[in-house]
Amino acid sequence: MTQSAKGKDGKKATGPGQLWLHLPGMVRAALYETVIGAGLACVDEALEAERVALCGARYEHLADRQALRAGPVASSLVLGGRRVAVARPRARSVEGRELRLPSWRAWSARDPLDERALEQMVLGVSTRGYARSLEPLPAAVTVRGISKSAVSERFVYGTERKLAELMSRDLRQLQVVALLLDGLHFGEHVVLAAVGVDDHGAKHVLGLREGATENAAAVRALLADLAERGLDTSRALLVVIDGAKALHKAVVEVFGAHALIQRCREHKKRNVTDALPERLRGSIRSAMNQAYATRDPKRAQRLLEGLARRLEHQHPGAAAALREGLEETLTVMRLGLPENLERVLSSTNLIENLFGRVREIGRRVKRWQNGTMVLRWTAAGVLEAERGFRKVVGYRAMPILVAALRAHDAQFNRTERTVDDTEKAA
């Protein structure tokens, strides 16, 4: 074994390879400080160049001077999720009016900071842990805007803006053929959500409303808002809802005969089994699954009605729950869609999956202060989930659904003409 070389002082010498083993951390820190320092220096140079363009060079005598130099003012710019101190050069018109430098107008916008705070919170970073999630800056750089209250304020501002953007989306260009409606509970608050599926199978979050699925007025207000923003209510549309009667009533009031209402099968099975003792729930759910698996609407209805008759004597509540809106759980089956697309559009699971992301984001909230707070957090969650949206399973069969809806339109128009002719003849 070869002994290591020793220096004149008798200590082991460090070769080039050994030296670099200790340097990566130091090199990284030095590089980072150099990059940040150079970047801030470039900011100073760019702002000074713009002031020179307005005022001329320092001590330069100009007969037609349009602006004058003014002393710098302490300010800050967004950098890496926080604000850093910068001495902002100033310029004034000869009349004394403050002139804003073009670059400063762009760089001083708070949008990047709000976006960063919103992104961190959506990804699970708490307001207290926000500062630790950022890349550290050199000690010489003065930092602010990373306190818990500052981050919380930016999150509120960011979610307010996201909610406003969501609620003002123009729906006129969307060819929505399926509309799914459901509600999510936050303590004593409920948020109604509307998700649309277009004729190519793409999913879109259409709107939110704070209210209750049992409140027809809240549902009607949500649907009316969608119509005002361009959702076409004059053509046939598949509407998937849970078992709430208020939802059904509001859909009929807004869409009339153009709505092909599909009751969520999962909600139906849950409503029936909740009215049964534990020992019967598995077998009854299995019987309902078998009926829906026939993919023959007439046979499925016979099987489900027979199941209701079997339950009627011992468990009348479960029988009534099964019969209520039974035909509307078979609406999609009557359209002749392929099995995979029928399965997607026969329940509101699509929205349930969306709500799962909202629950994940809002799990750290201990107390929901008001409905506005609930809406803001829900908007943040659904828009984050929307970024990962894919087309619905079976989207290649969407032309079959579109053709079925247009056939319903044609039948509706023929019926309307027949009624008109009858009234004229009378």
**Message:** Please verify whether A246 is over 27 Å from A227 (Cα atoms) and of a type in the set (A, V, I, L, M), treating the condition exactly as stated.
**Reply:** no
**Fill in**
For Q301, the lone unmet condition from (1) within 30 Å of R396 (Cβ to Cβ); (2) out of contact with any helix residue (DSSP H, G or I) (no Cβ under 9 Å at 6 or more places or on another chain) is (2)
**Message:** Just to be sure before I move on: is A216 surrounded by fewer than 16 Cβ atoms within 10 Å (Cβ to Cβ), over 30 Å from P338 (Cα atoms) and among the small types (G, A, S) in the structure I sent?
**Reply:** no
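To keep it simple, each residue is scored yes or no on (1) under 24 Å from the mean Cα position of the chain (by Cα); (2) more than 20 Å from H185 (Cα to Cα); (3) not in a helix (DSSP H, G or I).
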| site | (1), (2), (3) |
| --- | --- |
| V205 | yes, no, yes |
| L238 | yes, yes, yes |
| G256 | no, yes, no |
| T273 | no, yes, no |
| R279 | no, yes, no |
| R285 | no, yes, no |
**Message:** Going by what's in this entry, would A202 be described as over 27 Å from L337 (Cα atoms) and either in contact with a Gly (Cβ under 9 Å, 6 or more places away or on another chain) or crowded, with 16+ Cβ neighbours inside 10 Å (or both)?
**Reply:** no
**Item:** Scope the stretch 258-276; condition in contact with a His (Cβ under 8 Å, 6 or more places away or on another chain) and over 18 Å from T331 (Cβ atoms); matching residues
**Value:** A275, L276
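To keep it simple, each residue is scored yes or no on (1) in contact with a strand residue (DSSP E or B) (Cβ under 6 Å, 6 or more places away or on another chain); (2) farther than 21 Å from V402 by Cβ; (3) hydroxyl-bearing (S, T, Y).
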residue: V177; (1), (2), (3): no, no, no
residue: G183; (1), (2), (3): yes, yes, no
residue: H204; (1), (2), (3): yes, no, no
residue: L238; (1), (2), (3): yes, no, no
residue: I241; (1), (2), (3): yes, no, no
residue: V252; (1), (2), (3): no, yes, no
**Prompt:** Scanning for something buried (at least 20 other Cβ atoms within 10 Å of the Cβ), at pLDDT 75 or above, in contact with a Gly (Cβ under 8 Å, 6 or more places away or on another chain) and within 20 Å of A224 (Cβ to Cβ), does the stretch 159-167 turn up at least one residue?
**Reply:** no
**Fill in**
When the stretch 174-199 is checked residue by residue, the ones that are at pLDDT below 90 and surrounded by fewer than 17 Cβ atoms within 10 Å (Cβ to Cβ) are H185, G187, E188
**Message:** Please verify whether A380 is in contact with a Leu (Cβ under 7 Å, 6 or more places away or on another chain) and aliphatic (A, V, I, L, M), treating the condition exactly as stated.
**Reply:** yes
**Request:** Tell me, please, whether a residue that is in contact (Cβ under 8 Å) with a residue 60 or more places away in the chain, assigned by TED's automatic domain parsing to the domain that holds V332 and more than 30 Å from R364 (Cβ to Cβ) can be found in the stretch 202-220.
**Result:** yes
**Residue that is farthest from R154 (Cα to Cα), among those in the stretch 45-99 that are surrounded by fewer than 12 Cβ atoms within 10 Å (Cβ to Cβ) and of a type in the set (K, R)** = R58
**Prompt:** Just to be sure, is A291 out of contact with any strand residue (DSSP E or B) (no Cβ under 9 Å at 6 or more places or on another chain) and either surrounded by fewer than 17 Cβ atoms within 10 Å (Cβ to Cβ) or assigned by TED's automatic domain parsing to the domain that holds A404 (or both)?
**Reply:** yes
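The values are calculated or read from the model by the stated rules, or taken from the named source; none is laboratory data. What you see is a predicted model, and the numbers here were worked out from it, not measured in a lab. As a convention, Cβ positions derive from the backbone with ideal geometry for all residues, glycine included, and neighbour counts pool all protein chains shown.
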